[in-house]
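Below you'll find the structure, written out as structure tokens, and then a few comments.
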Amino acid sequence: MLDFLEDRLGLVTAFRSSMSQKHPPRGIGYLRTIGFAALTVMLLQFLSGIALAVHYVPTTELAYPSILALEQDLTFHGFAFGSFTRALHHFGASAFVIFVVLHMMRVYFTGAYKQPRELTWLSGIGLFLIVMGFGFTGYLLPWDQKAYFATKVGTEIASDTPLIGAQVKEIMRGGTEVAQPTLTRFYIIHVVLLPIALLGVLGAHFYLIQRHGVSAPGRPVGDEGEPGAPYFPDHTFKEALVGVLVSGALFYMSSAYRAPLEPLADPSDTSYHPRPDWYFLGLFQLLKVFTTSRQLGTFWVPAGFMTLVALLPFLDRGKERHWARRKLATALGVLVCLVVAGLTIAGFRDDPHKHDAEAAGEGAKKAAAKSLGPVIPYPLEFTDMERRGYALVRRLKCHGCHSYVSKSADGKQVTHGTQHDGAPRLDEFESDTLKAVADYVRQPEEGSEMPSFSNVTEQDRLAIAAYVLRLTRQKKAPK
């Protein structure tokens with residue numbers, strides 16, 4: 001069989017030339033396995049992404065229900081396989097960004113971007129931008145509150161591009177607003193265009209690594225050091241070990257924690273505070289630094305920084321690679337890391353929900369802390385009237401005082417909303433008719449802290465009542 005494959009494909013020769021007969025420079029350690037860790041996460045992202053795409057429906061009407069169906073119904077012998085797969089894709093996205101950034105940092109501080117590896121560095125920059133593109137386009141696909149409003153802000157920022165900003169925003173949205181055309185375009189970019197670009201740039205990256213090899217640790221340009229142990233099996237063992245550890249960590253997190261899913265997108269909810277994922281928080285916080293010139297923070301500073309990073313091999317022509325002998329470059333690198341980390345931490349701390357809670361007092365702080373827990377998705381079997389009631393309960397902020405309990409796909413009880421003392425639970429209403437619950441919404445009991453919703457139409461109050469009664473019936477149903 002090996003003779004056949006060698007004669008037809010040359011696989012044995014290719015393996016020997018690239019693996020067993022290849023001797024990296026002496027001193028290559030585990031720092032050089034970060035790139036393989038990123039590759040491991042990429043493969044997991046592809047596999048979990050394919051599994052999600054099988055069940056996902058890219059329409060504004062069915063995107064959110066299809067994700068709920070995936071998490072609620074896709075189980076295997078009691079194991080919540082759908083929830084695990086989505087969590088794996090969610091946590092894998094963060095791990096992908098982390099390892100790509102760490103790999104770039106390692107290349108920078110070891111001076112591995114210098115000649116003759118300039119193009120290897122440029123292809124790495126291309127991979128970084130593609131990975132961030134995956135993160136941005138993946139926002140919108142769940143079509144929940146965060147998806148809608150974060151994408152609306154992101155595409156609005158794109159309009160700050162000089163000369164062509166308005167056209168860029170319209171192309172991204174497919175119109176003037178974030179709607180079905182936006183979801184279709186982001187889905188195609190996320191599952192078709194970006195994977196093709198990633199594989200193409202990654203192929204070029206691997207080819208350049210094979211052509212020029214890895215730089216010798218601590219040695220100046222032109223000195224590739226003494227050959228070390230063969231790449232296979234010595235260094236491949238280190239990479240395999242790192243790959244197993246990274247996969248195991250992601251599998252554990254995906255089994256222990258669920259991927260966040262906020263309530264269904266409601267474009268009319270003007271009180272929602274959009275917050276991007278952590279890897280965009282630094283850029284998001286930059287907008288608050290340049291308050292007097294938004295375009296400076298949204299376009300010129302990020303574009304200028306990425307241009308300097310891309311041109312780095314052509315600007316830094318020194319021969320030294322060791323970080324201790326490149327004091328200026330090392331100091332600048334540390335400064336950039338501190339600035340990016342500082343902006344990201346500031347973005348974490350500058351949470352509008354936290355500020356609202358502090359302004360409202362201690363009770364609101366506890367409510368805000370609870371609000372960061374499980375969200376309030378609607379069950380798939382709800383009728384149109386009950387779903388309308390669900391949307392109204394969300395819009396009127398009823399979950400800020402009333403809670404209810406549901407079961408997750410793995411059989412665990414999950415509490416939704418925040419329960420205030422004296423407020424009836426949504427799944428324990430004593431009234432059993434639509435009219436009785438609707439009347440309670442219009443005029444609560446005497447002495448109750450609940451405000452009167454007499455301004456809500458009778459039809460909407462009946463929809464709220466239908467939603468509340470469905471929750472009550474579900475709790476009373478035999479297990």
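Some notes on this structure:
- Percent of Cα-Cα distances greater than 45 Å, calculated over the chain: 25 percent
- Neighbour-count order for 187, 257, fewest beta carbons within 10 angstrom listed first: 257, 187
- Given R0 = 30 Å, the distance between the Cβ atoms of residue 334 and residue 221 translates into a calculated FRET efficiency of 0.85.
- Rounded to whole numbers, the Karplus 3J(HN,Hα) couplings from phi for region 314-329 are 8, 8, 9, 9, x, 8, 6, 10, 5, 4, 6, 9, 10, 4, 5, 5 Hz, using 6.51 cos²θ - 1.76 cosθ + 1.60 with θ = phi - 60°, and x at Gly and Pro.
- Beyond 29 Å in Cα-Cα separation lie the following of the pairs 114/288; 22/327; 114/238; 169/397; 152/288: 114/288; 22/327; 169/397.
- Placing a pseudo-label 7 Å from each Cα along the Cα-to-Cβ vector at residue 255 and residue 287 gives an inter-label distance of 4.0 nm.
- Net charge over other residues, Cβ less than 12 angstrom from the Cβ of residue 34 (K, R count +1; D, E count -1): +2
- Between helix 458-476 and the chain: long-axis angle, C-alpha atoms, 0 to 90°, nearest 10: 70 degrees
- Backbone HN-Hα couplings from phi across region 35-45 [Karplus 6.51/-1.76/1.60, Hz, Gly and Pro as x]: x, 5, 4, 4, 5, 4, 5, 4, 5, 5, 5
- Region 88-153: mean projected area of Cα convex hull, nm²: 5.2 nm²
- Applying the Karplus relation 6.51 cos²θ - 1.76 cosθ + 1.60 with θ = phi - 60° to region 184-200 yields 3J(HN,Hα) values of 4, 5, 5, 5, 5, 4, 5, 9, 10, 5, 5, x, 5, 4, 4, 5, x Hz, where x marks Gly and Pro.
- Close amide-amide hydrogen proximity is noted between residue 144 and 265, each under 5 Å apart and 5 or more residues distant or on a separate chain (H modeled in the peptide plane; Pro and chain starts excluded).
- Pairwise FRET efficiency - residue 105 versus residue 300, Cβ, R0 = 22 Å, nearest 0.05: 0.35
- In plain terms, the chain from residue 346 to residue 458 could stretch by 35.8 nm, reckoned as 0.36 nm per residue minus the Cα-Cα distance.
- Potential lengthening between residue 15 and residue 327 on full extension [0.36 nm per residue; Cα-Cα distance subtracted]: 108.3 nm
- Between the helical axis of 236-256 and the longest alpha-carbon principal axis of the chain there is an angle of about 0 degrees.
- Charge dipole of the chain (Cα centre as origin; +1 on each Lys and Arg Cβ, -1 on each Asp and Glu Cβ, all else neutral): 1420 debye, rounded to the nearest 20.
- Degrees separating the helix 63-73 axis from the principal Cα axis of the chain, which is the longest one: 90 degrees
- Protection proxy ranking of 215-226, 392-403, 90-101 - average other beta-carbon atoms within 10 Å, highest first: 90-101, 392-403, 215-226
- When shorter helices are ignored and each DSSP H run of at least 4 residues is given -39500 (n - 2.57), the per-residue value for the chain at 222 nm works out to -18500 deg cm²/dmol.
- The residue 240 and residue 381 beta-carbon pair, evaluated with R₀ = 35 Å, returns a calculated FRET efficiency of approximately 0.15.
- Rg(Cα) / (2.2 N^0.38 Å) computed for region 1-55, rounded to two decimals: 1.69
- Taking 0.36 nm per residue of separation and subtracting the current Cα-Cα distance, fully stretching the chain between residue 164 and residue 5 would add 52.0 nm.
Read-outs throughout are calculated quantities, based only on the coordinates presented, and are distinct from any laboratory measurement. Everything numeric in this text was worked out from a predicted model, so none of it was measured. Neighbour counts are summed over all protein chains in view; Cβ atoms, including those assigned to glycine, are modelled from backbone coordinates with ideal geometry.
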